[in-house]
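Reading through the C-alpha cells given below for one structure.
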C-alpha cells in the first residue's frame with residue numbers, strides 16, 4: 001500500500017472522528033432544547049443564536065474544572081476507565097461503510113458486537129474503582145442490564161445477518177433497494193430499537209443512573225474531564241445506535257438527504273422517549289428481556305433460518 005493511501009485513510013478517519021464529536025455536541029443541545037419544549041420551557045437559549053454555542057461552553061467548563069481524586073479510590077482504574085470507554089465508543093465508528101475511503105470492514109457487525117461487549121468492563125471498573133457503595137451498585141445494575149440486552153440484541157442481529165448472509169454493512173443497502181427490512185420484520189425491528197435503548201442506558205431503561213434512587217449511578221464520583229468523557233461516550237453510542245438501526249432496517253447507508261433525516265429522526269426518538277416515558281421497575285426490565293425478547297428473537301431466528309434454507313434449496317433445484 002502506498003504511503004499516500006495511508007495518509008488518505010488517516011485523514012478520512014480523522015474527519016470522521018471530528019464529525020462524530022461535533023455531532024455529539026449538537027445532539028446534547030438538541031436533547032436539552034427538546035426536553036425544554038416537552039416540559040414547556042425554553043432550554044438553553046442565551047449563548048450565541050438560539051443557544052447554538054451552548055455545547056462548546058459546556059465542554060470548556062467541564063475540561064477546565066479541577067479534577068477531584070478520591071483518597072480511597074483505585075487510582076489508575078478510576079482515571080483510565082472513562083478514557084477507555086470513550087475510545088471504544090469512537091472505535092465502533094470505524095465500521096461505518098465508507099464509500100469515499102479505503103477503510104472497509106467485511107466483519108463490521110462482529111466488530112460492533114465485540115466493542116459493545118468490552119464496553120461492559122469499563123462500566124464495571126468505573127463503578128468499582130470509585131470505592132463508593134452508590135457507584136458500585138449503579139455499576140452492577142448497569143452491567144446486569146447491558147449483558148442481558150446484549151443477548152437479545154445479538155440474536156435479533158443474527159436474523160438480519162442470516163437473510164443477507166454477510167457481516168458487511170454495505171450489503172444491507174443492496175438488499176434494501178426495493179423494500180426496507182423493517183417492513184419484513186417489523187416486530188423484530190421494534191424489539192431491536194428498545195434493546196438499543198437498554199444497551200445505551202437510556203430512558204425508560206436508565207437504571208444505571210436512576211437519579212431518584214442511585215444518585216447518578218456508576219459515575220457519581222466523576223467530575224470535570226472524567227465525567228465529560230463518560231458523557232461523550234454515551235452520546236456517541238446513541239448516535240451510532242441510531243445509525244445502525246437506519247443501516248439495518250431503514251434502507252441502508254446512502255449519502256443523501258433522506259439518510260440523514262432518518263438518522264436525525266432516530267436520534268430525536270431517543271430524546272422524545274426520555275421526555276415522555278417513566279422509568280421501568282428493575283425486575284420488569286429483566287423479565288422483558290429474558291421472558292419476552294429472548295423467546296421472540298429465538299423463534300424469529302429459527303424462522304429465518306428455515307426460510308433461508310428453503311430459498312437456497314429452491315435455487316439449487318433451479
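The values are calculated or read from the model by the stated rules, or taken from the named source; none is laboratory data. Just so it is clear, the model here is predicted, and its values are computed rather than measured. Here the Cβ positions follow ideal geometry from the backbone for every residue, glycine too, while neighbour counts run over all protein chains shown.
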* **Selection from the stretch 48-67 of residues that are within 28 Å of the chain's Cα centre (by Cα) and under 15 Å from residue 229 (Cα atoms)** => 55, 56, 58, 59, 60, 61, 62, 63, 64, 65, 67
* To do: Output the number of residues of the stretch 244-265 satisfying the condition of being farther than 21 Å from residue 17 by Cβ and within 13 Å of the chain's Cα centre (by Cα).
  => 1
* Determine which member of the set 305, 309 is loosely packed, with under 12 Cβ neighbours inside 10 Å and either under 30 Å from residue 66 (Cα atoms) or more than 21 Å from the chain's Cα centre (by Cα) (or both). => 309
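So is residue 67 within 30 Å of residue 255 (Cα to Cα) and touching a helix residue (DSSP H, G or I) at 6+ places or on another chain (Cβ under 7 Å) or not?
no
For (1) more than 18 Å from the chain's Cα centre (by Cα); (2) within 28 Å of residue 64 (Cβ to Cβ); (3) at pLDDT 90 or above; (4) buried (at least 23 other Cβ atoms within 10 Å of the Cβ), each residue gets a yes or a no:
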position: 147; (1), (2), (3), (4): no, no, no, no
position: 156; (1), (2), (3), (4): no, no, yes, yes
position: 215; (1), (2), (3), (4): yes, yes, no, no
position: 242; (1), (2), (3), (4): no, no, yes, yes
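Out of 68, 34, 84, I need the residue that is more than 23 Å from residue 264 (Cβ to Cβ) and modelled with pLDDT of 85 or more. Which one?
Among 68, 34, 84, only 84 is more than 23 Å from residue 264 (Cβ to Cβ) and modelled with pLDDT of 85 or more.
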* Select from the stretch 21-44 the residues that are without any contact (Cβ under 8 Å) to a residue 12 or more places away in the chain and either part of a helix (DSSP H, G or I) or under 17 Å from the mean Cα position of the chain (by Cα) (or both) and list them in ascending order. => 22, 36, 37
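If only one of 135, 117 is touching a helix residue (DSSP H, G or I) at 6+ places or on another chain (Cβ under 7 Å), touching a residue at least 12 places away in the same chain (Cβ under 8 Å), surrounded by fewer than 17 Cβ atoms within 10 Å (Cβ to Cβ) and in a helix (DSSP H, G or I), which one is it? Let's see the steps before the verdict.
On the way: 135 fails: surrounded by fewer than 17 Cβ atoms within 10 Å (Cβ to Cβ).
Result: 117 is the single residue among 135, 117 that is touching a helix residue (DSSP H, G or I) at 6+ places or on another chain (Cβ under 7 Å), touching a residue at least 12 places away in the same chain (Cβ under 8 Å), surrounded by fewer than 17 Cβ atoms within 10 Å (Cβ to Cβ) and in a helix (DSSP H, G or I).
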* Asked: Within the stretch 249-262, is there a residue that is modelled with pLDDT of 85 or more, buried (at least 22 other Cβ atoms within 10 Å of the Cβ) and in contact with a helix residue (DSSP H, G or I) (Cβ under 7 Å, 6 or more places away or on another chain)?
  -> yes
* **Boolean, residue 110 is within 17 Å of residue 241 (Cβ to Cβ), out of contact with any helix residue (DSSP H, G or I) (no Cβ under 8 Å at 6 or more places or on another chain) and either in contact (Cβ under 8 Å) with a residue 24 or more places away in the chain or in a loop (DSSP other than H, G, I, E, B) (or both)** => yes
